[in-house]
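**Q** What follows is a structure written as structure tokens; I'll ask about it next.
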Amino acid sequence: MKSKIRKITVESNQYIWAVSEKEWHTVTIKVWVEGHKRNHWFEVLKKFDDPWINF
């Protein structure tokens, strides 16, 4: 799974987020305030067990 950076605006604030595969059943979600990519705002490790993802 290749991570792609995307932008989102929430109440006039610009954020950048990306999802990347950590293991076969978990993903990492990272969010940055736009312009501060070196220091991510938060990072979440989430279980993602989708049996249809490879079909």
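The values are calculated or read from the model by the stated rules, or taken from the named source; none is laboratory data. Bear in mind that the values here come from a model prediction, so they are computed numbers and not experimental data. Don't worry about glycine lacking a Cβ; one is built from the backbone with ideal geometry, like all the others, and counts go over all protein chains shown. Calculation scope for accessible area: heavy atoms of the full protein, side chains included, ligands and nucleic acids excluded. Shrake-Rupley method; radii C 1.70, N 1.55, O 1.52, S 1.80 Å.
**Q** Sorted by accessible area with a 1.4 angstrom probe, largest first, how do Val27, Val19, Val10 fall?
**A** Val10, Val19, Val27
**Q** Still on this structure, I have one more. With r as the distance between the Cβ atoms of Asp49 and Asn13 and R0 = 25 Å, compute the FRET efficiency 1/(1 + (r/R0)^6) and round to 0.05.
**A** 0.20
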